[in-house]
Amino acid sequence: MNAPFYKFGLFNSDVSLIIAFIIGIAFGFALERGGFGSARILAAQFYFSNMRVLKVMFTAIVTAMLGLYYLSVIGFVDLSLIYISETYILPQVVGGLILGVGFVIGGYCPGTSVVSFATGKLDGLMYILGLMFGIFIFGEVFPYITDFYYSTNMGSVTLPQYFHLSYGLVVFLVVIMAVGAFALAEWSEKKFAHRNPENQL
Amino acid sequence: MTTIVQKISSVFAKDKELVEVKTKPYSNPYLTGIGLGLVLLAAFVIMGRGLGASGAMSTLVAVGVNTVAPEHTQSNPFYSEYLGDGTTSPLKDWLVFEVLGVLAGGFISGSLAGRVKKGIEKGPNITSKKRLLYAFVGGSLMGIGAKLARGCTSGQALTGGALLNLGSWAFMMMIFAGGYAAAYFLRRQWL
Amino acid sequence: MKKLFSELDLKYKLAIIAVLLGVVALFAGDPYSGTSVKVNVKDLALSTVKSSDKINPTDLADWIIQGKADYILVDLRSPDKYAEYTLPEAENIPLVELPNSDLLRNQKIILFSDDEVAAAQGWFILKAKKYNSVYILEGGLNGWKEKVVFPKVPANPSKDDLAKLEKKKAVAQYFGGDLVTETTSTEVRTEIKLPTSSVVPQTTQPNTGGKVTAPKKKKREGC
């Protein structure tokens, strides 16, 4: 009943930066281990031949979700103190679509491009430059799209709150959905194995 | 739980023994996912927040624009949000340090596995020049999309996903929808 | 059974573990319940604001200066008084409107008014609404002025006190005040200036004229 540690004042913001760096190292390490430094493997997700993106991402979500759930139930973590970003449903849906298209074109997402660059990939660097250019463009047009950006605000809302289900039930459903998705992913990888970039290495 | 931890550590221990061998295959995706999930969980428990990536880039962009045209950033709420109130350096930011860590972590893991090699990741049927152009264009789109959605795959999909955040789940589904919809038109780049 | 399990491929083992944990989650209960204080009317009548629910003004001053933005400061006084003087980054929610406020449960909320009474009332209201981390400013704004903005110091500080006083002075000046010596003794240390009695403490940010604005410094925590 004293976590998250930072929010209970166990250390100050300078220490939090050191922790940020350490957590970042672990994050980057895991991404690289998972093959996320390679654009071909990431993009293969969208051609059904290599489903690492889905597998790693959903396993991570399920792990963190279960961990957080049980740590909260036993009273170790105060779940209400963990930051939940607000939902602006329409801009987020549109942003997600743009992101998906950009993912297939660029072959990375922001986090993985950093890993790719760290392992010497030139396209990773180009991607990062493009990313910064895109953010710059967004910053420049921001004054004109402020209304849209702040539209359809739903506050900090979670799936259990929105659908009026118990938290435990949603946790269960997410696990079942993830396991189902993994089964499909395994099947699809077998079917499209001939064009899996991992098999061509 | 402990068995999982043991499994993961044994996987990493195995990796260490093989350092001398050249390029190694990537780790089991499910074990990697558990590792990544534990990193995310650690961020929740220690900091009360999740991971991120594009936020750090935004800070860099805001700082860059601010050095060139300070008046411009003052009048633009998007930039000024990332610059803070001037009491501390905007670069003393959690996400900036975290992304520096990602850079280091990616390099460490890549080095241990013999995967650090200068090169370009591309499909067999596309020129390097075109691939670099695509990477830039894709990156730009991701930049715009990530800012509109208030986060990228790490900050929204992964973090918000584990927190069962409604907006994050909608966003995640849309990434896959957008990706699969666009995949057909870009098959020449990757296949 | 155990043998059967150990012979399975790793991915099936993990899937089984995940599903089992998911099934247990169905019955394990609400993750928010372990943390919130269950209050019914009877409990409420019996509960009191403990000293651990009070935030010392000196600590708060440190947090504000460090820019530690993991809390929301709520001014429970009237908009007029709020416009006159308030703490930096404070939001104005008059006590009568507190029950209908849209304060987030996932943030540390620090309530204050002129003294502790209204803040304590607000504390009960929020606790009854299952807010977990509600605190009140010890001594209210009066205490804030006494301890932070115009802290009293002994006329002849000992050597040990001097280092502490330096810090106190810096903090006080940050919030537009200064040290006040306890007696009107002439033996005032040179660096400790007597403030004129008419000094009105200034907030570090321009007043928004009672308009409720979100704390500007609130850091975006997402990505």
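Bear in mind these aren't lab numbers, they're just calculated from the coordinates by the rules spelled out. Bear in mind the structure is a predicted one, so any value in this text is a computation, not a measurement. Here Cβ is always computed from backbone atoms with ideal geometry, including for glycine, and neighbour counts include all displayed protein chains.
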Hey, how much of the P(r) for chain A falls beyond 26 Å, as a percent of Cα pairs?
50
Note down the nm distance, to one decimal, between modelled labels 7 Å out along Cα→Cβ at C:A163 and at A:I137.
5.7
Taking θ = phi - 60°, what integer Hz values does the Karplus form 6.51 cos²θ - 1.76 cosθ + 1.60 yield along segment C:163-178, in sequence order, with x for Gly and Pro?
4, 4, 5, 4, 5, 4, 5, 4, 5, 4, 5, 4, 8, x, x, 6
Helix B:166-183 vs. chain B, principal-axis angle (Cα, 0 to 90°, nearest 10):
70
Let me check against my output: what whole-number percent is the relative contact order of segment B:119-191, with C-alpha pairs under 8 Å and at least 6 apart?
47
Quick one: which residues, 5 or more positions from C:V153 or on another chain, have an amide H under 5 Å from its amide H? H modelled 1.01 Å from N in the peptide plane, none for Pro or chain starts.
C:V180, C:T181, C:E182
Note, ³J(HN,Hα) from phi for segment A:153-162, Karplus 6.51, -1.76, 1.60, rounded to Hz, x at Gly and Pro:
6, 10, x, 7, 10, 9, 4, x, 5, 5
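If you count, for every residue in B:78-86, the Cβ atoms of partner chains within 10 Å of its Cβ, what is the mean?
What the average comes to for B:78-86 is 4.
May I ask you to list, by number, the DSSP H helices of chain A whose Cα span along the axis is at least 20 Å and whose average Kyte-Doolittle hydropathy reaches 0.5 or more?
On the way: long enough: A:13-33 (30 Å, 1.63); A:52-73 (31 Å, 1.50); A:89-106 (25 Å, 2.08); A:122-149 (37 Å, 1.32); A:167-191 (36 Å, 1.32).
Length and hydropathy pass: A:13-33, A:52-73, A:89-106, A:122-149, A:167-191.
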What's the magnitude of the charge dipole for segment A:1-116 around its Cα centre, counting Lys and Arg as +1 and Asp and Glu as -1 at the beta-carbon? Answer in Debye, nearest 20.
380
hull vol. (C-alpha, convex hull) per residue for chain B, Å³ -> 172
May I have the extent of the alpha carbons of segment A:130-177 along their three principal axes, as whole Å values ordered from largest to smallest?
43, 25, 12
Contact order normalised by residue count of chain B, Cα under 8 Å, 6+ apart, percent
26
Which entries of C:K81/C:K145; B:K92/B:K147; A:K121/B:K24; B:K147/C:K108; A:K191/B:K117 show an alpha-carbon separation above 24 angstrom in the structure shown?
B:K147/C:K108; A:K191/B:K117
Size of segment A:86-157 along its principal axes in angstrom, Cα-based, largest extent first?
41, 27, 19
Cα gyration tensor, segment A:93-201 - rounded (a/c under 1.5), prolate or oblate:
oblate
Cβ-based exposure ranking for A:H194, B:H72, in which fewest neighbours within 10 Å come first:
A:H194, B:H72
Pick from A:V101, A:V171, A:V114: which is most flexible by mean-square fluctuation in a GNM of chain A where alpha carbon atoms under 10 Å apart are linked?
A:V101
For chain A, averaging the sequence separation of alpha carbon pairs under 8 Å that lie six or more residues apart and dividing by its residue count, the contact order in percent is 33
Considering chain A as a Gaussian network with a 10 Å cut-off on Cα pairs, which listed residue, A:Y83, A:Y69, A:Y47, attains the greatest mean-square fluctuation?
A:Y83
Please give the net charge around A:F138, taking every other residue with its beta carbon less than 12 angstrom from that of A:F138, where Lys and Arg add +1 and Asp and Glu add -1.
+1
How would B:S140, B:S168, B:S128 line up from fewest to most surrounding beta-carbon atoms within 10 angstrom?
B:S128, B:S140, B:S168
Can you give me the P(r) profile for segment B:119-191? Cα pairs, bins 5 angstrom wide beginning at 0, each as a whole percent.
3, 15, 20, 20, 16, 14, 9, 3, 0
For C:I72, distant residues with modelled amide H under 5 Å away:
C:K108, C:I109, C:I110
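Take every residue in peptide B:117-127, count the Cβ atoms of other chains within 10 Å of its Cβ, and give the average of those counts.
Numbers: counts 3, 4, 6, 8, 17, 7, 8, 3, 0, 0, 0.
Across the residues of B:117-127, the mean count of other-chain Cβ atoms within 10 Å is 5.
Would you mind ranking A:M177, B:M142 so that the residue whose beta carbon has the fewest other beta carbons within 10 Å leads the list?
Lowest to highest Cβ neighbour count: A:M177, B:M142.
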